[in-house]
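Okay, structure first, notes after.
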Amino acid sequence: MRMQKVKSYKMNTETMETNKTAATKTERITGCEAIIRCLIEEGVDILYGYPGGAIMPVYDELFKYQGKIHHVLTRHEQGAAHAAQGYARISGKVGVAMATSGPGATNLVTGIADAQIDSTPLVCITGQVPSHLLGSDAFQETDIVGISTPVTKWNHQVTKAEDIPVVLAKAFYIARSGRPGPVLIDITKDAQFQEFDFSYKKCTGIRSYTPAPKVNIESLKTAAELINNAKKPLIVWGQGVILGEAEEELKAVIEKSGVPAAWTILGASAIPTSHPLNVGMVGMHGNYAPNKLTNECDVLIAIGMRFDDRVTGDLNTYAKQAKVIHFDIDPAEIDKNVKTDVAVLGDCKESLGLLLKELNANSHEDWHQEFKDLYEIEYEKVIKSDLLPEKEGLTMGEVLKEINIQTKGNAAIVSDVGQHQMIACRYAEFNKTKSNITSGGLGTMGFALPAAIGAKMAKPEREVVAIIGDGGYQMNIQELGTIFQQEVPVKIVVLNNEFLGMVRQWQQLFFDKRYASTEMTNPDFVTIAKGYHIDAKRVVKREELADAVQEMIASKSSYFLEVCVEKEDNVFPMIPSGASVSDIRLS
Amino acid sequence: MSEEIKTLTISVYTENNIGLLNRISAIFQRRHINIESLTTSQSEIENVNRFVIVVNITEIQAKKIVGQIEKQVEVIKAYYHDDHETIYTESCMFKIKSDLLFDEPQIQNIIKESNTRIVTVNREFFVLEKSGRRHEIEALRKELNVFGIMQFVRSGRIAVTKDEMKITELLAQIKN
Ligand SMILES: Cc1ncc(C[n+]2csc(CCOP(=O)(O)OP(=O)(O)O)c2C)c(N)n1
Ligand SMILES: [Mg+2]
């Protein structure tokens, strides 16, 4: 049984087009040193993790390689995974997390699942019990390769030191290429100790894996023709544009064609918020105009987005009148949820670049006017009272507005999950791409605090503001320890409504206000932050807000700001789950 | 594309990686699709495995499933075909008490008429083997069941397609 298991994860090295040239000079080192050397070869400067028995040899090497690679001790492995995600999301580079076997490895799983559904490039390295103990229920043995299979783009167990360079090269290649995703490499302790002749060569291809299909010029031309002839075209772009670094290409396409362009949550910030052709966010709590007009457009152009149910609502009443064009790198996304008329496969940087040449200049003024008219309605019914409230209690919206003012829209906003997240995505102003870091597909509470750490460490020159609910904050609050020890100058804003607000909103709207287990008696968050020697302030009155936000943004070190907001505010607009985008509610 | 449920044969060419079985079966499991049978073996290409998976689903589902399967890093290519597009067979074995060969002469006729092969005979038992379509095997099992069967086992479907699946060309293309 054991033998079989070892064998089952053994890879066929013959099939990889890497490490074939024996010309590279070799050096005799241990497996654990090889792991560090591979990371350095891949350009990893920071990794996040937590030590334990099965990964200790690697930590011993990390000690020796201090100064060459920086290991950040988080306070929980989930924190390490999310920090690596934050690092990846803001930089476009592969994030790296490391953990020991058993509980260390399983604690990574939520972050891995989050990275899988949000296409975040991650390499997770876990220690494993020595290979002779595999399958024996040894201390801290867990089948992490089995556990992580459904939530990884690829995973693999290494039981021999000599496989380490090839497998890690492949791991980084798979994580970052094509549609990115998380990869987990599990390395037995005996492989870490073994000595072998080390040499490293980056992976440049795997024969069974096509990262990006070639752009088909025929379908591209058909798409262009549809767009050129459209009277009411609508673009909805997603994270694919950011992952493909196609922001400029998208902007050029929009500006030339005059097509109104809306975004999914993960697509936010690819085009500046203030861009005149940017018509806002689609989806459950998105803007009124792009949601409503999805069911009015004649051509719907989806770019690097996957028609998530939070975006489409009821599929049977979604954009039925429109011809649908879908640009995507992942063939499995085509027709998965929405039937397309024209699919343009490939890297959208390339396809959008080619599309631009085929497009006619247009401005679609009347069509844009429809967006403006609906925006006015949303402004009157929702936005005004969110941003310029007349009631006594503070709103989440006005906090965002204040942050926009103080950061001039240049900050990266890392939001957690809940009402504050929707408010942050709706109202944060973005001038720069890769600035909206949030858990979209999985909706992982606890994401923001560690993700903000990773983001700030990857891009120290950027202002990073975490917007977190009082619930989600307490899911990974221990990472304040990491912020303190590593002196990470992140700005943490907790929007405290003393509720699991988003769930409470649903209870109010759909469960006759039966607030089952959503009210929270919270600790003194300011005292907790101060316990970690983080400057902290609490705001309860509107008059204090502007100054407090200003002080926070001006601070050179980490800063915690708790804003006590209205307890029972709701986020609108809202498409109730399962309803049509046309049935978007303003109250 | 048809929304009617059909028996479809999914053929998957993969790198020789047994861990892949987990990934592939998980794709069906997540969507509550029952796998009628699954067979893996060496394919016509050295070091390339072939999975033959039989499912009862609609073509729309099959297209999505094949997309998800192909997305796996170690999958080279996947296809689905209906019964008219494949040549397929299953095989089965019976273990039966040897006494019956003499006590029940009818059995010998059944063996002959059904083109069943005798694999081995010893004092206690004999073993039959037959390959064919499901209904043929089922008919044989019913006939023999009257006399008592010690053990019966049937394999999953194996199938080749009438159309070409140009894996060698595909692999050559990737190489270049
Ligand atoms: C790990 C996890 N558990 C449960 C949920 C379900 N959930 C979604 S939003 C939410 C409430 C979040 O409350 P809070 O962090 O206070 O944010 P608010 O909605 O109040 O702004 C919950 C419980 C989740 N998304 N993630
Ligand atoms: Mg809350």
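Overview of results
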{"item": "Segments classed as helices (runs of 4 or more DSSP H), wholly inside segment A:435-492, with at least 1 members that are away from ligand 1 (no atom under 16 Å from the Cβ) and more than 14 Å from every other protein chain (Cβ to nearest Cβ)", "result": "A:448-458, A:480-486"}
{"item": "Flag for A:Gly244 being in the same structural domain as A:Leu345 (by TED's automatic domain parsing) and either among the small types (Gly, Ala, Ser) or in contact with a Pro (Cβ under 6 Å, 6 or more places away or on another chain) (or both)", "result": "yes"}
{"item": "Number of positions in segment A:295-305 that are farther than 14 Å from A:Gly244 by Cβ and open to solvent by 10 Å² or more (accessible area, probe 1.4 Å)", "result": "3"}
{"item": "Filtered residues of segment A:335-360 (kept if within 12 Å of chain B (Cβ to nearest Cβ) and either over 14 Å from A:Ser219 (Cα atoms) or surrounded by fewer than 18 Cβ atoms within 10 Å (Cβ to Cβ) (or both))", "result": "A:Asp335, A:Lys336, A:Asn337, A:Lys339"}
{"item": "Subset of segment B:37-71 (residues that are among the acidic types (Asp, Glu) and out of contact with any Leu (no Cβ under 9 Å at 6 or more places or on another chain))", "result": "B:Glu44, B:Glu46, B:Glu70"}
{"item": "Residue match in segment A:224-233 (condition: touching a helix residue (DSSP H, G or I) at 6+ places or on another chain (Cβ under 9 Å) and assigned to a strand (DSSP E or B))", "result": "yes"}
{"item": "Every residue from segment A:470-513 that is of a type in the set (Val, Ile, Thr) and away from ligand 2 (no atom under 16 Å from the Cβ)", "result": "A:Thr482, A:Ile483, A:Val488, A:Val490"}
{"item": "Residue match in segment A:542-555 (condition: part of a loop (DSSP other than H, G, I, E, B) and either charged (D, E, K, R) or open to solvent by 70 Å² or more (accessible area, probe 1.4 Å) (or both))", "result": "no"}
{"item": "Exclusive hit being modelled with pLDDT of 95 or more and part of a loop (DSSP other than H, G, I, E, B), set A:Val563, A:Val526, A:Val571", "result": "A:Val571"}
{"item": "Of all residues making up segment B:1-51, the number that are in contact (Cβ under 8 Å) with a residue 60 or more places away in the chain, within 13 Å of another protein chain (Cβ to nearest Cβ) and not small (Gly, Ala, Ser)", "result": "7"}
{"item": "A:Leu394, sole failed condition from (1) in a helix (DSSP H, G or I); (2) within 16 Å of ligand 1 (Cβ to nearest atom)", "result": "(1)"}
{"item": "Qualifying positions in segment B:74-126 - within 14 Å of chain A (Cβ to nearest Cβ) and either farther than 30 Å from B:Ile53 by Cα or in a loop (DSSP other than H, G, I, E, B) (or both)", "result": "B:Glu74"}
{"item": "Count of segment A:556-585 residues which are acidic (Asp, Glu) and surrounded by fewer than 21 Cβ atoms within 10 Å (Cβ to Cβ)", "result": "3"}
{"item": "A:Ser439 under 24 Å from A:Gly238 (Cα atoms) and of a type in the set (Ser, Thr, Tyr)", "result": "yes"}
{"item": "Residues within segment A:493-504 that are of a type in the set (A, V, I, L, M, F, W, C), within 9 Å of ligand 1 (Cβ to nearest atom) and touching a His at 6+ places or on another chain (Cβ under 9 Å), tallied", "result": "3"}
{"item": "Any strands (runs of 3 or more DSSP E) falling wholly within segment A:145-219 and containing at least 1 residues that are within 13 Å of another protein chain (Cβ to nearest Cβ) and open to solvent by less than 10 Å² (accessible area, probe 1.4 Å)", "result": "A:154-158, A:182-188"}
{"item": "Residues of segment A:514-534 classified as open to solvent by 80 Å² or more (accessible area, probe 1.4 Å), touching a strand residue (DSSP E or B) at 6+ places or on another chain (Cβ under 7 Å) and more than 16 Å from ligand 2 (Cβ to nearest atom), total", "result": "1"}
{"item": "Condition met for B:Glu70 (in a loop (DSSP other than H, G, I, E, B), within 13 Å of chain A (Cβ to nearest Cβ) and acidic (Asp, Glu))", "result": "no"}
{"item": "Count of residues meeting criterion [out of contact with any strand residue (DSSP E or B) (no Cβ under 6 Å at 6 or more places or on another chain), within 12 Å of ligand 2 (Cβ to nearest atom) and open to solvent by less than 20 Å² (accessible area, probe 1.4 Å)] in segment A:414-434", "result": "2"}
{"item": "Subset of segment A:574-587 [at negative phi and assigned to a loop (DSSP other than H, G, I, E, B)]", "result": "A:Ile575, A:Pro576, A:Ser577, A:Ala579, A:Ile584, A:Leu586, A:Ser587"}
{"item": "Output for segment A:113-133, where each listed residue is buried (at least 22 other Cβ atoms within 10 Å of the Cβ) and outside any strand (DSSP E or B)", "result": "A:Asp114, A:Ala115, A:Asp118, A:Ser119, A:Thr120, A:Pro121, A:Val129"}
{"item": "Only one of A:Glu376, A:Glu392, A:Glu402 that is more than 16 Å from ligand 2 (Cβ to nearest atom), outside the structural domain of A:Ile468 (by TED's automatic domain parsing) and among the charged types (D, E, K, R)", "result": "A:Glu376"}
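The values are calculated or read from the model by the stated rules, or taken from the named source; none is laboratory data. Computed from a predicted structure; not experimentally measured. Positions of Cβ are backbone-derived with ideal geometry, glycine not excepted, and every protein chain shown enters the neighbour counts. Calculation scope for accessible area: heavy atoms of the full protein, side chains included, ligands and nucleic acids excluded. Shrake-Rupley method; radii C 1.70, N 1.55, O 1.52, S 1.80 Å.
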